[in-house]
Amino acid sequence: MDWAKVDQLIELALAEDLPAGDITTEAVVPATEQGRAVFLAKQDGVLAGLEVAARVFSRLDPEVEFRRKLEDGQEFRQGQLLAEVSGRAASLLQAERTALNFLQRLSGIASLTRSFVNEVRGTKARILDTRKTTPGWRALEKYAVRMGGGCNHRMSLSDMILIKDNHIRIAGGISPALKKAREHLRVKNLSSIKIEVEATSLDEVRDALENGADWIMLDNMSVEEIKAAVALVAGRVPLEVSGQVNLQTVRSLALTGVDYISVGALTHSFRSADISLEFI
C-alpha cells in the first residue's frame, strides 16, 4: 500500500468535512474534554480499512490513541468491538465520520468478496476484481478485495494488455490485434507483460489460443459454452469468466473448471458494512 497516497486521500476527506471547522463540536464540547469510544459492529462481516481509520485520527490529532481489537482480513460478528480510540473528545467527534466512511466501505467490499470466495471454495477458481472502482479509491478498494480473500486483476491500464471487443473491432480481428500487441511489446522491450484476449464464442477462443494469447477471458458465455472452452484450451492458458456473475451463479461457473472469475460487483455494487462509533 502506498500510504503517502492514502494520506493524501485522508487529507482531502478531512478538508471536505471540515472546511471551516466543526461548529457543532466547537459550540458544545469543551476543548479540554477527554473521551473514549469504540468501533462497534452492527452486523457480521470481514474487516478492512482499520489502518486507514487509525490514520484519520492521527492526521487530525496525533495524540489520539487507537487500539485494535481485530486486524484487517478477520471476520467479525454483530456486537463485536473492532477498535477503541481515546483522546480529546473534540478530535474523536471531528474524525468520526471520515474514519467510518473508510472503514464501512472497505469492510463492505471485503465482506462481499468473502461471500464470493466462500461460494467457490473447493474448486480451482479464484475470485478477481476489476477496474470498476471509485475514482481515487482503487488501491484501497483492491486492498479490501485481498482482505476478503479475492485476487487483484489489473491495477491500471499500464499493467497488462487486455484486448477487448472494441480493440478487436478497431484492429480488424483477434489475430491482427494479437500480432500488433506482440510487436508493441517487442519494440518497447516489455516481454514480461502478459496479453489477455476477451472471447465471446468458441471460435474466438480458438482464434485467441492459436494466435498466442497468454490468458483468455470468456465473456458472457453460457455454462455449457464455458465447459467446452475449458475442454478446448485444456490448461494451456488461464481461463477467466466475466459477465453476469452473482452469488447465485458463481459456483456453477467455478465448477466448469475455469481458473478465474472476475466480479465487477465487488467494488461497484457492495453494501457498506454497518459499523458505528459509540462513546463510552
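Details
- Pick from the range 33-50, criterion surrounded by fewer than 19 Cβ atoms within 10 Å (Cβ to Cβ) and either basic (Lys, Arg) or within 20 Å of the chain's Cα centre (by Cα) (or both), ranking: farthest from residue 118 (Cα to Cα): 36
- Residue ID - surrounded by the fewest Cβ atoms within 10 Å (Cβ to Cβ), chosen from residues in the range 64-75 that are over 19 Å from residue 6 (Cβ atoms) and touching a helix residue (DSSP H, G or I) at 6+ places or on another chain (Cβ under 8 Å): 75
- Pick from the range 54-63, criterion out of contact with any Phe, Trp or Tyr (no Cβ under 6 Å at 6 or more places or on another chain) and in contact (Cβ under 8 Å) with a residue 24 or more places away in the chain, ranking: most open to solvent (accessible area, probe 1.4 Å): 63
- Residue 156 passes every criterion in (1) open to solvent by less than 40 Å² (accessible area, probe 1.4 Å); (2) outside any loop (DSSP other than H, G, I, E, B); (3) small (Gly, Ala, Ser) apart from (2).
- Counted as qualifying within the range 187-264 are the strands (runs of 3 or more DSSP E) with 1 or more residues that are of a type in the set (Ser, Thr, Tyr), namely 239-242, 260-262.
The values are calculated or read from the model by the stated rules, or taken from the named source; none is laboratory data. These figures come from a predicted structure and were not determined experimentally. Methodologically, a virtual Cβ is constructed for each residue, glycine included, from the backbone with ideal geometry; neighbour enumeration extends over all protein chains shown. Accessible surface is based on the protein model in full, side chains and every heavy atom, while ligands, DNA and RNA are left aside. Shrake-Rupley method; radii C 1.70, N 1.55, O 1.52, S 1.80 Å.
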